[in-house]
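So the structure is just underneath, and the comments pick up after that.
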Amino acid sequence: MTINHHPSDQTLLRFAAGTLPAGPALVVAAHLSGCPFCQGRVAAFEAVGGDILTRTRPEALSSDALERTLARLDSSHRAATINPRPSPISIDGLILPSALSDCKVGPWRTIGAGVKLSRLVVPHAPAANVILLKVKANKRMPAHGHTDLEVTQVLKGSFSDGTNRYQPGDFVEGDDETDHHPVIGSEGECISLAAIEGHVRFHGFLGRLLQPLVRI
């Protein structure tokens with residue numbers, strides 16, 4: 001699998017620093033599971049952060065800091081022993097990225113002709129707006145924009161937006177200045193993982209009719 005489109009350095013830096021919202025962070029983690037290039041970028045950002053910490057003036061710890069840390073480590077070890085790593089999950093025979101293993105995947109719901117949506121529940125952030133979107137081949141999606149950050153990872157099939165073509169492994173990033181009109185490839189249906197901060201702004205009469213149904 002050749003990956004041609006990656007998260008921006010700003011997004012990877014926020015991921016490494018732990019400041020990316022839970023939904024987009026989950027999609028970035030899904031991308032990282034199959035992208036050595038971005039794994040290297042995140043490792044580099046983490047190394048820079050570690051170097052900054054080593055240069056920071058140390059502060060005195062409380063007298064019971066070591067005891068509390070050891071207690072937390074012991075608790076984490078017991079939890080890992082009791083709760084083994086979840087098995088991979090799949091949908092329509094497609095194995096989903098390991099980053100999604102703890103998520104609850106909802107059933108497909110038809111939101112338009114040739115378009116289905118499945119909502120994911122993120123255990124540590126149930127309010128995160130994360131979805132799987134399945135669209136039939138050759139489908140032209142309504143033109144739309146965004147009120148905030150939207151990130152998408154292609155899992156199966158492909159789509160184009162007039163400028164680029166995105167295939168499995170590719171990462172797409174949009175914000176409140178992005179407007180596009182995706183068209184699904186002719187080779188088959190496209191399944192994508194997306195996280196949306198804010199809302200999608202549909203353009204045109206059809207798009208506005210779909211807005212109450214989609215609820216994104």
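The values are calculated or read from the model by the stated rules, or taken from the named source; none is laboratory data. Treat the numbers as computed from the prediction; the structure is a model and nothing was measured. Every residue, glycine as well, gets a Cβ built from its backbone with ideal geometry; the counts of neighbours run over all protein chains shown. Remember, those area values only see protein heavy atoms, side chains included, never the ligands or the DNA or RNA. Shrake-Rupley method; radii C 1.70, N 1.55, O 1.52, S 1.80 Å.
Of all the listed residues (Arg68, Arg57, Arg78), the sole one being at pLDDT 70 or above, open to solvent by 70 Å² or more (accessible area, probe 1.4 Å) and of a type outside the set (S, T, N, Q) is Arg68. I'd like the residue in the range 139-170 that is assigned to a strand (DSSP E or B), at pLDDT 90 or above and in contact with a Ser or Thr (Cβ under 7 Å, 6 or more places away or on another chain) and, out of all such residues, is most open to solvent (accessible area, probe 1.4 Å). Ranking the qualifying residues of the range 139-170, first place goes to Arg165. Take the residues in the range 35-54 that are among the aliphatic types (A, V, I, L, M) and more than 30 Å from Asp170 (Cα to Cα); name whichever of them is modelled with the highest pLDDT. Among those residues, the one meeting the criterion is Ile52.
Looking at the range 93-108 only, could you name the residues that are open to solvent by less than 80 Å² (accessible area, probe 1.4 Å) and without any contact (Cβ under 8 Å) to a residue 12 or more places away in the chain? Gly93, the sole residue that qualifies.
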